1. Collect residues whose amide H, placed 1.01 Å from N in the peptide plane, falls under 5 Å from the amide H of GLY107; neighbours closer than 5 in sequence don't count.
2. What list of ³J(HN,Hα) values in whole Hz, one per residue of region 79-90 in order, does the Karplus curve 6.51 cos²θ - 1.76 cosθ + 1.60 (θ = phi - 60°) give from phi, with Gly and Pro shown as x?
3. Output ³J(HN,Hα) for region 7-16: one whole-Hz value per residue in order, computed from phi by the Karplus curve 6.51 cos²θ - 1.76 cosθ + 1.60 with θ = phi - 60°, and x for Gly and Pro.
4. In whole Hz, what ³J(HN,Hα) sequence does region 111-116 give by Karplus (6.51, -1.76, 1.60; θ = phi - 60°), x for Gly and Pro?
5. Assign unit charges at the C-beta atoms only (+1 for Lys and Arg, -1 for Asp and Glu), then state the dipole size of region 86-143 relative to its Cα centre in Debye, rounded to the nearest 20.
6. For the chain, with the dipole built from +1 on Lys and Arg beta-carbon atoms and -1 on Asp and Glu ones, taken about the Cα centre, which of HIS109, THR209, ILE152 lies farthest toward the positive end?
7. Can you give the charge dipole size of region 210-253 about its Cα centre, rounded to the nearest 20 debye, using +1 on the beta carbon of Lys and Arg and -1 on the beta carbon of Asp and Glu?
8. Dipole magnitude of the chain about its Cα centre, charges +1 at Lys/Arg Cβ and -1 at Asp/Glu Cβ only, in debye to the nearest 20?
Amino acid sequence: MRPNISNTHSLPGTLLVFDGPDGAGKTTQIHALAKMLRKLGKKVTISEWKSEVIGEFLHENDALKKSDDRVLPETNLFLQTADFLYRIEREVIPALKKNHIVILDRGLHTLLVRGIIMGLDEETQLKQWLFWWRNTIYKELFDNAYTVYVTISLDESLKRLGKRAELLKVKKHHTEGTILTLSFINTLVYAPDGKKLTRHDRQLYVKRTQARIIDTYAHVFRDIHVNSTILDGECDMKVMKKNLEEKVIDMIL
């Protein structure tokens, strides 16, 4: 019986993964890059995080006000992984077969970072078990992919996340689903030691957590040197476009 896994050998398209902490400006840079590539006559497909069937459930889950009503963090990570693989098969590979440049808004490194933040073992529980498919059935796909790591400082990322939270209050958009979503922060009542959290305590918790996230992204990207580049997420639009042209477009074309 033929397995329901696509053959990823010698796909004509190009896979490009943008990754980095929340608030780094990945989505802004992705859409600017897509516009630049289309002007060059390239066909571009953007695959957004949690955008398919499983993603819809996750968005609804993240919006639940009571933490007891939401799935466990580990289950959430498993579902995010399932959603990622669903999009690989249903969205990414079909577009690569049509010779598109496929841009992933987040990838495996985000899953890895979230697992580490939860306290899962990086080498065994994550790389060998949960992400076993990276170096087996999809090895060639990811070995041939290009990666863009977008960096951001702690203070600037917190500033942007604060603005995003206020926007979500007004427009009721989907939250991205990280541990720093507004819906999650608002449910924080007690610290791990049982102490009731004040407003200041919650702000301090968010700052410490975001600092860990940024440090963990730097950790998982420390040994990535092939087919990769680093972009500054804090530069202005003019510099950003210049960087995209010189560091990304020249890398993939």
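Any read-out appearing in this document is the output of simple, stated calculations on the displayed coordinates, not a laboratory observation. Please read these numbers as outputs of a predicted model, since none were measured by experiment. Using ideal geometry, Cβ is built from the backbone for each residue, glycine included, and neighbour counts are taken over all protein chains shown.
1. none
2. Those phi angles translate into 5, 4, 5, 5, 5, 4, 5, 4, 5, 4, 6, 8 Hz.
3. For region 7-16, the Karplus-derived couplings read 7, 9, 6, 6, 5, x, x, 10, 9, 10 Hz, x marking Gly and Pro.
4. 4, 5, 4, 5, x, 5
5. Working: 9 positive and 8 negative charges, 54 e Å.
Here region 86-143 has a charge dipole of around 260 debye.
6. Projecting each Cα onto the dipole axis, the largest value belongs to ILE152.
7. Working: 6 positive and 8 negative charges, 12 e Å.
Roughly 60 debye for region 210-253.
8. Details: 39 positive and 33 negative charges, 164 e Å.
That gives a dipole near 780 debye.
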